[in-house]
Every structure is written in structure tokens, then in C-alpha cells.
Amino acid sequence: MTAAASGLLRLENLSVTFPGRGLGPESSRRLRAVDDVTLHIAPGEVLGLVGESGSGKTTLAKALLRLYRPSDGRILFRGADLAALGERALKPFRRDLQMVFQDPLSSFNPRQTVFEALATPLRLHKVCARAEIAGRVAELLAQVGLSPSFRDRFPHELSGGQLQRVAIGRALALSPSLLVADEAVSKLDVSVRAQILNLLKDIRERHGVSILFITHDLHVARYLCDRVGVMYFGKLVELGGTERVFGQPRHPYTRALLGTLEDALGGGIEEQIAPPSPAGCRYASRCRHRIDACGAAHPALEAAADAGGGHAVACIRWRALLDSHTTDKSE
Ligand SMILES: Nc1ncnc2c1ncn2[C@@H]1O[C@H](COP(=O)(O)OP(=O)(O)OP(=O)(O)O)[C@@H](O)[C@H]1O
Ligand SMILES: [Mg+2]
């Protein structure tokens, strides 16, 4: 596969399992938190990942950063398969993949100033000469919209939005090619949230960094992301251009999330931890459109052919539902 086709980073059949709470005896009672996910992120692209709590978004992110070891599949990045590498071999890739978390305060050392927080990765990875560190820190502060006076402040002296700016600056310090932002704006007030989203947009445009953006908030995903993937119970059930997925959702779960049509969601994912058919579609137990065939196997992600443009859906009924809804509307 060519570099262009495989993107900056490509996950192939990635699975991550945890002990306990599995779906049945054949899975040795291991929970498949991420289950056979294939997707890529193009250079400079913002890929959103949405889905209810417990759907596996964070686990997927941590696996691709190799904070977790995948149980199966490949993580193709810069000619290597990160899934197969040991800690030593991973080291050169670590600086290229950076993460911004939901709770900025807990990700900083309370006794370190902003300057130290930004200078530490520069020193550790020997990014620049000692004499250049102060200049680089000033540059990073400017990039994330903070005045130079912030360099001597401590984390507790900053607001949530200011801290998240420093966290983004720290992630950018090593000029990564991929930034993973896991619920990075969820704890911020609405007005501050918009500022941080615009900062991320700006950073993507200026630095061409790719962003994997994980969020519960569908409005936020629609605002920021080029493409979006919808996860349910470890499975990627729909993937496509943001306007496609939001404008013409194909999977019953995506439609339920979006509150479109009559596919309202009942119950939470944790209550659905043991679906009736471990072999069948993971969503079947909650899906009001299920038919017997849905119990046979979890459907593969297939092209939603009429939509094109890389829009894909994992539902054997998407076409039939499309027809029936078209009929409904015309009545
Ligand atoms: N370290 C772990 N050990 C055991 N189970 C885990 C671990 N981390 C996550 N899980 C389980 O894996 C599943 C997916 O969790 P994950 O945190 O990836 O979901 P999420 O989509 O990020 O949810 P949220 O939106 O709440 O952050 C859940 O059932 C969760 O309980
Ligand atoms: Mg999470």
C-alpha cells in the first residue's frame, strides 16, 4: 500500500481486550474494549471519534499511543508496526505521537512552573541546544495564545482554559505529527471551549499536525473534524466525512446518537455489557430495526455505496432502512 493510501497512521484490525466481563465462553471472558477496528488518519487531518461512555474511545487512543498493548492487529506508522515493538524500539516514535487529556491540572506537576513544564520535554528529547530553550518556550507560549508572563506561573494559578493551552503547547513542543485529544475541551466552559477548539483548528492549519479528537459532544465533533468515526461497544460502526455522517447517518446507532428519526436510545452501554448474541451485531440488543439475520455475525464495515467518499457503515440493514425512511417521509 502506498503512503498516501495508508495515511499518516493506519490501524488494521486493532483489538484490545481486558480481563473479565467478556461476552461469552469463547472469548475467555475477556472484554473486547476495542474490537477489530480498521481506520487511518491522513496527514493534517482531524479525525473525530464519538460514541457513548464505555464504547472504547480512550482504549483505542491509548493503544495507538502504545500506552496499552493491543491484543491483535497492527498500528502502521512511519513504516513500522507499533503494535509489534518493544519499549526500546518504540522510543523514537513516542515524541511523534502526543496526547492532551481531559483534566489538564492532573497532568501537570504542581511544583513546576509553566516554563519547566514546557522546557522538560525539550531537554529530555534534546530538541534544541540549552541556550535555545528559553526562546523555544516563548515561541510555544505564543503559539498557544499565552503572553510571555505565563512562564513563571504555577498550574494552580491558571484557569482551565489557560492550562489546556499549556498542555497543548507541551504536546507541540516535540513537533509531533499526531496529536490525540481525549475529551480535551469537555471540562471547559462553553466560551473557553470555543477558544480551545479554534486554537486546535489554527494549529492544524499552521503546523499540518493530524489530530485524533475524542469527544462525547457531537456539536464539537461537527465543528472541528474532517471525518468522524462512531464507536459502539468496541466496534467502529460508521465512518465517513463529517458532513456525510451527520447529514446522512446510516447506522441506526449513529441516528440514535444524533436523535434523528425515531431511533432514540434507551438504557446505557454499561447495562448492555452482555448483549444477547455475542456472535451477532453488537448493537442488535438495542436496535429497534433488528431482524433475525442481525444475530448471525457483527457486520463488517462496508461502503455506504450511494454516499461514496469513504462513507462506511457496519449494518446489514442500512439500505433497507434508507428506503423505508424515504417512503415514510413521502407519505
Ligand atoms: N484499564 C482497564 N481495565 C479494564 N477495563 C477497562 C480498562 N479501561 C477501560 N476498560 C473498559 O473498556 C471499555 C471501554 O472503555 P473506554 O474508557 O475506552 O471507553 P470510552 O469510550 O473512552 O468511555 P468514556 O466516554 O466514558 O471516556 C469499558 O467497558 C471500560 O470499562
Ligand atoms: Mg474515554
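Every read-out reported here was derived from the displayed coordinates using simple, explicitly stated rules and does not represent laboratory data. Because the structure is a prediction, the values reported are computed rather than measured. Cβ atoms come from the backbone with ideal geometry, glycine included; neighbour counts cover every protein chain shown.
General remarks:
- Extension gain, Thr38 to Gln195: 0.36 nm times the residue separation minus the Cα-Cα distance gives 53.3 nm.
- Unit charges at the beta carbon, dipole of the range 103-175: most positive-side option, Phe154, Pro121, Ala142: Pro121
- Relative contact order [Cα under 8 Å, 6+ residues apart], the range 103-175, whole percent: 46
- For the chain, the relative contact order comes to 19 percent (Cα pairs under 8 Å, sequence separation of at least 6).
- Stretched out straight at 0.36 nm per residue, the stretch from Ala320 to Asn13 would grow longer than its current Cα-Cα span by 107.8 nm.
- Cβ-based exposure ranking for Asp36, Asp182, in which fewest neighbours within 10 Å come first: Asp36, Asp182
- Reported to the nearest whole Å, the Cα centre-to-centre distance from the range 171-195 to the range 198-241 is 11.
- Computed FRET value (nearest 0.05) for Ala300 with Arg30, which takes r as the C-beta separation and R₀ as 25 Å: 0.70
- Computed from point charges on the beta carbon alone (+1 for Lys and Arg, -1 for Asp and Glu), the dipole magnitude for the chain about its Cα centre is near 1100 Debye.
- The simple Förster model, with R0 at 30 Å and r as the Cβ-Cβ distance, assigns His216 and Arg95 a FRET efficiency of 0.55.
- Exposure proxy ranking for Val220, Val100, based on other Cβ atoms within 10 angstrom of each Cβ and starting from the fewest, stands as Val220, Val100.
- With 27 Å as the limit on Cα-Cα distance, the pairs of Lys126/Lys187; Lys91/Lys235; Lys57/Lys91; Lys62/Lys235 that go past it are Lys126/Lys187; Lys91/Lys235.
- Dipole orientation for the chain: of the candidates Tyr68, Leu212, Val245, Tyr68 has the Cα lying most toward the positive pole (charges on Cβ; Lys, Arg +1; Asp, Glu -1).
- Label-point separation in nm, Thr120 to Asp103, each point 7 Å along Cα→Cβ: 1.7
- GNM on the chain, alpha-carbon springs under 10 angstrom: the most fluctuating residue among Lys91, Lys201, Lys62 is Lys91.
- Within a Gaussian network of the chain (alpha carbon springs, distance under 10 Å), most fluctuating of Gly54, Gly160, Gly135: Gly135
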